[in-house]
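The values are calculated or read from the model by the stated rules, or taken from the named source; none is laboratory data. Computed from a prediction, not measured in an experiment: that's the story for all the values here. Using ideal geometry, Cβ is built from the backbone for each residue, glycine included, and neighbour counts are taken over all protein chains shown.
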Amino acid sequence: MEIASKTMKKRKEELPSMEVSEEDLEKINSLLNKYGRKRKSVMNILHEMQNEYHYLPKELLEIVSRELDIPYSQVFSLGTFYDAFFMKPLGKHRIDLCIGTTCYNEGAPKILKSLEDYIGIQSGDTRDDGLFTLLDVHCIGCCSIAPAMRVNGERNEAVHGYLTPEKAVEIVKEIEESEEEFEITEELIQKALDYIKDREGKIVVSKASEELDLEEKHFEELVTEMEEKGILKKK
Amino acid sequence: MSIDGKKVTASEGRTILDVASEIGIDIPTHCHKEPFEPTGVCRICLVEIRSPEGESELHTACTYPVREGLEVKTDTERVKRTRKLTAELLLARCPDSEAVKKLAEEVGVEKTRFSKKDLDCTLCGLCSRACKTASGNSIITFVNRGPDREIITPFEIFPSECKGCGACAEICPTDAIEMVEVEDSEEK
Amino acid sequence: MKISSIEDLKKVKESGIKSLYPKKPKFRFGAASCGSGAGIEATRNAMDDARIPEKIGRSSTVGCIGACYAEPLVELYIPRKGRILFKNVGVEEGKEIINAAAKGKIKKKKVFCKIENEYCVINDEKRELSEFPLTDEIESPFEEGYLDEILKKIPEISELDYFKNQEKIVLRNAGYINPENIEEYIARSGYETLFKAFQMDPEEIIKEVSNSKLRGRGGAGFPIGRKWKLCKDSEGENKYVISNGDEGDPGAYMDRVVLESDPHSMIEGMIIGAYTIGANEGFIFIRNEYPKAVKRLENAIEQAEKHGILGKNILGSNFDFKIEISRGGGAFVCGEETALMSAIEGRLPTPRPKPPYPTESGLWGQPTLINNVKSWANIPVILSRGSNFLAGLGTERSGGTKVFSLVGDVRRRGLIEVRMGTSLEDIIVGIGDAKTEEVKAVQTGGPSGGFIPTDFFDTPLDYETLTELGSIMGSGGLVVAGENTCMVDMALYFLNFTLSESCGQCTPCREGLERMRDILADITEGDAEIKDLELLRKLADYIEDASLCGLGKTAPRPVLTTLDHFEEEYREHVEEKTCRAGVCDFGGDRE
């Protein structure tokens, strides 16, 4: 059976545009200060940009090019060369299925097919609703627990091992369900607001999520939403 | 050192290709053009040399620096065979390119047994190198990796930096770059 | 504290020993990436929650001891007795174990082995754990007699079939120390060798490294002493040392384990190397897929700096050396040294023709010494034990040990280290517990290597013996393939890999590999003819000969070895349209 790394797709498709805000400029500036305005810092900066924005916005690449004195085309070239970088936004949840030799021999192709079928996309793509990106990746070094897949690796979430097609789909289902259950309602906002007021704004994310019965990442989303709506002042 | 048995003395820092052309030995090239830095990517100019350990290896004449006692062979069966396959692969990649057909003919290849693609760029990179010399920056450059590697022309992503000097179009051996008059400077 | 003398180092060592052998029992959890995948975090959380502080001390982290098949591994340290390791500990078992321990009982169900003696190879020191901690005031809920009875029945780790023929040099501390605590590294005599090195003349050091017969552990096997000499003798204003941690071979995770379990072993080696060639700056290049390793390294470097082991005037000497981490972006080609250097410089990592070699002209045109992670980790042992020691562990042409990741169709998967010259049989059957009848071949050298059928399993492992069989030593991945593996499919798999990882610069690799891949795809679909096999070989020979870099040059190996050793399978696919392993489905629906 043939598995070609389908993530090697042409990246010269419509690139999204972004309005660069003050906050974005601050972020880039602090990265430049942290790593230095030298050519050799470019990879570190691109990694942080990818982690922060889930892709490399071409507007921000322009700034990097200027500050590091590297031709824009060459920065862009780096973005298209490496597997770690994406020129278009990824989905909210990124699923990396390992197709390294051991995982491949232990059934990764079948698992990939099941995931493709369940999620409804080809590997390398992001689903229309923006919830999932499915990628088949080269060896992640977890051969002793093959077949393995990593969910949201850049957020340091789990590696799942000893997978079967069913188990893999189960994991994706669970993510879907937790997303469905999570809805930012007026009620939820009020509940969170009361909780925060009670503690005079001093909260620990893990405890708060537990008490409000939310996943940590959902709690953070809620807070961001509340800040954007002006209900909460930015901490 | 010697090339095809001919003894020659050369100064340090020169390449096999330099020295060979001076003593009248023709080695075919494609991605190399003076005065640009050679990259050795097309592999057409591969010649056979003996390594310091005594092994016989193929290296690109355009990049390999001469040294004391170097023995070079440019016309062995192995060299010829390799040249032909390289040309055959390039012919399959760019079957309609006059320049590639000419190169293939030069090394004795008339047709290719591989399925044909439909490209006109051999990825020699001369455009990128010429751009660097002409404008100080490589504005026209490579993107993607592996079989998807391609040259991207400025106007698709970063229009403002290109001054329209035309160095890339001029240097391209396969005429894959066309300069087009654009009325409106805003138009990509 | 900044260490500037042997006495200072001794003080830190004492502190580290207290940390390694505390006076209260405690649990330690293996925290490498595969332990993670097996569920160690959940187990740890459950056990930490269940801990009774008066009885059991705070838990800590330990690296990977190599028995990955037994993960999640949990260790119970008992003062004045030793360690007991428990295997495959899930959440429920974990709770039972800690609850039993608090009551002074050992839950026997998941016991794996014990460690009553520890060995520090760096200074040939044996430690009887019954003598530690050095203080008499221990607090232990365990009763002497009870423990002794139990321990009698548990095998010592060195008696297990999995471990008994291993020789841990590179992995000397892995699984024994907390990789996030430099004091524990020092407690096992880490960094002592630096004092010795700084007293030696660089030529002396090079002589020792050469005499050890250590060869590059990245896979090419170039004699390390010779590389050091070349670099030292090159002229340049600023020299550099680099550790190549771009372990990209699928199935190989040795470097990851060293970086996550014992980063200081490599750092110590790099300091010695830098001192020898006269470099004041070093880079550790780590592939993007190892975020945990990056974190461990950042932590290790920070601690080394705080202790005066990196930075200015290392250990009170007049040698300055600092290390920076460079992260890969997800490209296998970065393992190639010229591409790696371009990547560090912030350029596109497309390989360059050699000569010039990095030792002559590397990073920013300066003489650069590049070695693999495991190569660096060997260096302190060469200096501390002498070159003869390491040379004696290997073969005529190759000194030392080799770390392998033994994965695939074996019952005991994991990370192992054996003497150079050990046979494949001893490894796959003896250590891995596979049965030769059930195994078809073993894949060595990753995408640059090939398949070795069981007939050749008595081959002693060495660089030359493997090259003779058509494969290469490679970085150390050993993927065992069972009867359900189709060799043609495997060849196609590796070609897809190298093609997608090719930088795309040169004609033979970019165009040639694609054509080879297409032919192989046809074979697996039943669309090929016998003459295609000939073309396959022709292309393979051409690509080996004509490619610009090692990636292209070695990419045809998997095809060539399978053609050589398993030609019948190819013929069956082409002439009979059958696949004996039942993998290829001819004429079926394919993408």
Looking for whichever is outside the structural domain of C:Glu501 (by TED's automatic domain parsing) and without any contact (Cβ under 8 Å) to a residue 12 or more places away in the chain here; the options are C:Glu425, C:Glu437, C:Glu417. Which one fits?
-> C:Glu437
Give me a count of the residues in segment C:384-427 that are within 14 Å of chain A (Cβ to nearest Cβ) and of a type in the set (D, E, K, R).
-> 4
Any idea which residue in segment C:412-453 is farthest from C:Ala540 (Cα to Cα), counting only those that are in a loop (DSSP other than H, G, I, E, B) and touching a helix residue (DSSP H, G or I) at 6+ places or on another chain (Cβ under 6 Å)?
-> C:Arg412
Within segment C:41-124, strands (runs of 3 or more DSSP E) holding 2 or more residues that are in contact with a helix residue (DSSP H, G or I) (Cβ under 7 Å, 6 or more places away or on another chain), touching a residue at least 24 places away in the same chain (Cβ under 8 Å) and more than 23 Å from C:Glu139 (Cβ to Cβ) = C:111-115
If you check C:Glu302 against the conditions, is it of a type outside the set (Ser, Thr, Tyr), more than 24 Å from C:Asp8 (Cβ to Cβ) and either in a loop (DSSP other than H, G, I, E, B) or outside the structural domain of C:Gly30 (by TED's automatic domain parsing) (or both)?
-> no
Number of positions in segment C:479-537 that are farther than 22 Å from B:Thr82 by Cβ, facing chain B (nearest Cβ under 10 Å) and surrounded by fewer than 20 Cβ atoms within 10 Å (Cβ to Cβ) = 0
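Let's see how each residue does on (1) buried (at least 24 other Cβ atoms within 10 Å of the Cβ); (2) over 22 Å from A:Lys58 (Cα atoms); (3) touching a residue at least 40 places away in the same chain (Cβ under 8 Å):
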residue: A:Phe85; (1), (2), (3): no, no, no
residue: A:Leu90; (1), (2), (3): no, no, yes
residue: A:Tyr104; (1), (2), (3): yes, yes, yes
residue: A:Ala108; (1), (2), (3): yes, yes, yes
residue: A:Ser114; (1), (2), (3): no, yes, yes
residue: A:Tyr118; (1), (2), (3): no, yes, yes
residue: A:Thr126; (1), (2), (3): no, no, no
residue: A:Asp136; (1), (2), (3): yes, yes, yes
Number of the condition not met by C:Leu297 [criteria: (1) more than 19 Å from the chain's Cα centre (by Cα); (2) on the phi < 0 side of the Ramachandran plot; (3) modelled with pLDDT of 95 or more] | (1)
Answer yes or no: is there a residue in segment B:62-70 that is part of a helix (DSSP H, G or I) and over 16 Å from B:Cys45 (Cα atoms).
-> no
Select from segment A:1-57 the residues that are of a type in the set (A, V, I, L, M, F, W, C), surrounded by fewer than 16 Cβ atoms within 10 Å (Cβ to Cβ), at pLDDT 90 or above and part of a loop (DSSP other than H, G, I, E, B) and list them in ascending order.
-> A:Val20
Residue that is surrounded by the most Cβ atoms within 10 Å (Cβ to Cβ), among those in segment C:310-332 that are part of a loop (DSSP other than H, G, I, E, B) and under 24 Å from the mean Cα position of the chain (by Cα) | C:Gly328
(1) part of a helix (DSSP H, G or I); (2) within 10 Å of chain C (Cβ to nearest Cβ): which one isn't true of A:Ile70, the others all being true?
-> (1)
Determine whether segment B:81-94 contains at least one residue that is within 19 Å of C:Ile543 (Cα to Cα), without any contact (Cβ under 8 Å) to a residue 12 or more places away in the chain and in contact with a helix residue (DSSP H, G or I) (Cβ under 8 Å, 6 or more places away or on another chain).
-> yes
Do you know which of the residues in segment B:36-61 that are within 21 Å of B:Ala176 (Cα to Cα) and without any contact (Cβ under 8 Å) to a residue 40 or more places away in the chain is farthest from the other protein chains (Cβ to nearest Cβ)?
-> B:Pro38
All helices (runs of 4 or more DSSP H) inside segment A:98-213 with 3 or more residues being away from chain C (no Cβ under 14 Å) = A:108-119, A:165-181, A:186-198, A:205-211
Check segment C:72-95 and report whether any residue there is within 14 Å of chain A (Cβ to nearest Cβ) and hydrophobic (A, V, I, L, M, F, W, C).
-> yes
Note on segment A:120-132: residues of a type in the set (Ser, Thr, Tyr) and either more than 15 Å from A:Ala168 (Cβ to Cβ) or outside the structural domain of A:Ala168 (by TED's automatic domain parsing) (or both) are A:Thr126
Restricting segment C:8-54 to residues that are in contact with a strand residue (DSSP E or B) (Cβ under 6 Å, 6 or more places away or on another chain) and of a type in the set (Lys, Arg), which is farthest from C:Lys105 (Cα to Cα)?
-> C:Arg44
